[in-house]
Structure formats: C-alpha cells, structure tokens
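Comments concern the structure below.
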Amino acid sequence: MSWSRYVALGDSFTEGMDDPYADGVFRGWADLVAGRLNEVAPGDFGYANLAIRGRLYDAIVGEQLEPALGMRPDLVSFAAGANDVLRRRCDPPALMARFDATVARLRATGADVLLFRFADVMSRLPGNNLVAPRIRYLNDAVGDVAERNGARLVDLWNDHEYANPALWSIDRLHLSPAGHRRTAAHVLAALDVPADPTWWDLPSWPERRSWLVTKGEDLAWAGRYLAPWIKRRLTGRSSGDLITAKRPTLGPL
C-alpha cells in the first residue's frame, strides 16, 4: 500500500523533540516517516504535523482533530495521553474511553491510523512508582483499541533496546536523534514499508560512571529539567505555550 496524505497528531513525541534541524525546528520520527512515504508515493504526497509539545489529551483532540479531518488524510498517526498520566488526577480508564472514541472517528473516514505503545521512559525518572502503572495500563489498552478499530499498532514498549540511555535526549524524557530514527523504523515496519537499514542501528551504551558522578549528574538534571517542569505544573503553564504546529497545513515536503 501507499499513502498520499499523511497527518500527524500529538505532543512533543510527534513534534520531534529532541531531534533538531539546523534551524532549531524539530525533525523527529514523523518527518522521517513522511520523507520515506514521499519516496514510495505514486503521485503527489502531502504531509502535515499538528503536534505541539506539552499538550494534554483533550487539547490535542480539541485543537488538532477537526483540522486533521478537514485535510482528508489517508494516513493518520495519533499519539496522545503521555502527558496526562504525569498528572496526579489522571483517570486512565476514562482517558482511554475518550481515546477509543477518537480512533473510531478517525477510522470512520477510511484513513489508516497508527497508534503507539510507548517505550519505557519512566524507569530512570522520579515518580516511577506512580506513573509506570498508568503507562502500562495505557499500553495495554491501546492494543485493545487498535484491534477493535482496525488500527495499526507500533509497539515500542516491547523493544527493550529503548533501555539504552543513548536513545534518549539529555532531558531523559524525549528521544534523541538515534531514538527518533529507530522509532521511524518501527512505524514504517507497521506500514510494511522498508526503512533505511541504518535507522535500526544502535549507539553504544554510555560508559559506566562512579556513584558520585552519577549523583552529581542527577542533581544537575533535576535543576535544569525537573524543577522547571514542577514550576510549570504549579503555575498552570505548559512548555507548549506560544508554540504553534510546525506543519499546520497539508503540503509537499
């Protein structure tokens, strides 16, 4: 199969943090996938990426769903909910009921829909005991949603190579360029489209450091990334405030 109109919906995962182009705009796995689909498309190919970092599920649907439907895509990637499970008041069953309804609406248009089981990012972060069970619930539930609606499932959770810290950026939450390439390869595999073989390549694991050095790095990370995240939660702000979608309209690459 081939596709000619691809629209990506979501948050920072789909926007492409932290895989920047030279101009500072993020590339990420969705851009890589679009580039490969453009190569195999039989005619004109259009791509839109509406994802914005920091967006919660309801904001993604409220801001991105209708514009996406208006583009009449034949392929949609939909990754949402990861920011919600970081909130203490998140209700995972209610969240996934809304998720199911959105996927059903997308599939009703006849478009192919890509859904994701997220890789395990929480094992190296604070709050793992609270958040990890929610991530597992979402990952289990999204498989049921995909099967029920005939969507294509991209299973990153069961790729244990994502335990390699080199696949994650310095903020420990977003993918590195190598992580985005591997994710793009997974997406293309779900679409039965060959990826660049080098996208599966794995960087070397970082060298083991002493306990003292590791703790120093943890403290530096907390000051640079965790503290600002907590401050945004307390003040009701988001990393995506004043950010707009990088490709808001369907157009050629």
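The values are calculated or read from the model by the stated rules, or taken from the named source; none is laboratory data. All values derive from a computational prediction rather than experimental measurement. Because the Cβ atoms are built from the backbone with ideal geometry, glycine has one as well, and the counts that use them run over all protein chains shown. Calculation scope for accessible area: heavy atoms of the full protein, side chains included, ligands and nucleic acids excluded. Shrake-Rupley method; radii C 1.70, N 1.55, O 1.52, S 1.80 Å.
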- Take the residues in segment 1-20 that are outside any strand (DSSP E or B), open to solvent by 20 Å² or more (accessible area, probe 1.4 Å) and farther than 20 Å from ARG117 by Cβ, then tell me which one is modelled with the lowest pLDDT. MET1
- Query: Out of all the residues in segment 22-47, which are touching a helix residue (DSSP H, G or I) at 6+ places or on another chain (Cβ under 9 Å) and among the acidic types (Asp, Glu)?
  - Reply: ASP31
- Message: What pairs come out if I take residues in segment 64-83 that are among the polar types (S, T, N, Q) and pair them with residues that are part of a loop (DSSP other than H, G, I, E, B) whose C-beta lies under 6 Å away, six or more apart or interchain?
- Response: GLN64/LEU50; ASN83/ASP11; ASN83/LEU56
- Task: Go through segment 113-151 and give me each residue that's charged (D, E, K, R), surrounded by fewer than 16 Cβ atoms within 10 Å (Cβ to Cβ) and within 22 Å of ASP192 (Cβ to Cβ).
- Result: GLU147, ARG148
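Is it the case that some residue within segment 76-84 is open to solvent by 40 Å² or more (accessible area, probe 1.4 Å) and either out of contact with any Pro (no Cβ under 6 Å at 6 or more places or on another chain) or of a type in the set (Val, Ile, Thr) (or both)?
If we filter segment 76-84 for residues that are open to solvent by 40 Å² or more (accessible area, probe 1.4 Å), which is where we start, we get none.
No, every residue in segment 76-84 fails to be open to solvent by 40 Å² or more (accessible area, probe 1.4 Å) and either out of contact with any Pro (no Cβ under 6 Å at 6 or more places or on another chain) or of a type in the set (Val, Ile, Thr) (or both).
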- Item | Scan of segment 109-147 for residues that are under 22 Å from GLY179 (Cα atoms) and in a loop (DSSP other than H, G, I, E, B), ordered by number | PHE118, ALA119, ASP120, VAL121, LEU125, PRO126
- Query: Can you tell me how many residues in segment 148-173 are of a type in the set (Ser, Thr, Tyr) and either assigned to a helix (DSSP H, G or I) or more than 18 Å from ASP31 (Cβ to Cβ) (or both)?
  - Reply: 1
- Query: If you scan segment 21-78, which residues turn out to be hydroxyl-bearing (Ser, Thr, Tyr) and part of a loop (DSSP other than H, G, I, E, B)?
  - Reply: TYR21
- Query: From the set of residues in segment 208-253 that are of a type in the set (S, T, N, Q) and closer than 21 Å to ALA51 by Cβ, which is farthest from the chain's Cα centre (by Cα)?
  - Reply: THR249
- Item | Qualifying helices (runs of 4 or more DSSP H) (wholly inside segment 174-235; at least 2 residues being in contact with a strand residue (DSSP E or B) (Cβ under 9 Å, 6 or more places away or on another chain) and over 19 Å from MET17 (Cβ atoms)) | 177-190
- Scan of segment 195-233 for residues that are within 30 Å of ARG36 (Cβ to Cβ) and touching a residue at least 40 places away in the same chain (Cβ under 8 Å), ordered by number: ALA195, ASP196, TRP199, LEU202, TRP205, PRO206
